[in-house]
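The values are calculated or read from the model by the stated rules, or taken from the named source; none is laboratory data. Because the structure is a prediction, the values reported are computed rather than measured. Side chains included, ligands, DNA and RNA excluded: accessible areas come from the protein's heavy atoms. Shrake-Rupley method; radii C 1.70, N 1.55, O 1.52, S 1.80 Å.
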Amino acid sequence: QVQLVESGGGLVQPGGSMRLSCAASGITFKNYDMGWYRQAPGKQRELVATITSGANTNYGDSVRGRFTISRDNAKNTVYLQMNSLKPEDTAVYYCTAGSNYYTLLNGFGSWGQGTQVTVSS
């Protein structure tokens, strides 16, 4: 049974930083592609970042240069470092795991419960 547990969300001021974590269990983590998506109220789910089992990364246009995705296979954890946060980054952030990149990008993988990130002064 796959379980993904996000943590690290909360309230941060504009321009601030925050790091999200996603701990995975029930999968051979090192073999999985991992990703972060987000969804703001009234908006569609949006790709934030992905990292393959080979540590290749990809970012959504709105976060490229500000966010960094990384993984620690020894800890079965994927991270999202978010810098220079803006109010428009406010959303629920979801971790996802896919056995391959197609599965990951098309939302067919496993999902966490989400963690709220609010950027506001």
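Tabulated data for the structure shown
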quantity: Reach of Lys43 by Cα under 17 Å, taken over lysines that are not fewer than 8 positions away in the same chain; calculated: Lys86
quantity: Partners for Lys30 among lysines (Cα-Cα distance below 30 Å; same-chain residues under 8 apart left out); calculated: Lys75
quantity: Accessible-area composition of the chain, carbon plus sulfur, in percent [1.4 Å probe]; calculated: 45
quantity: Values of log10 I(q)/I(0), in the order q = 0.12, 0.13 Å⁻¹, for region 49-118 under a Debye, Cα-only, solvent-free model; calculated: -0.33, -0.39
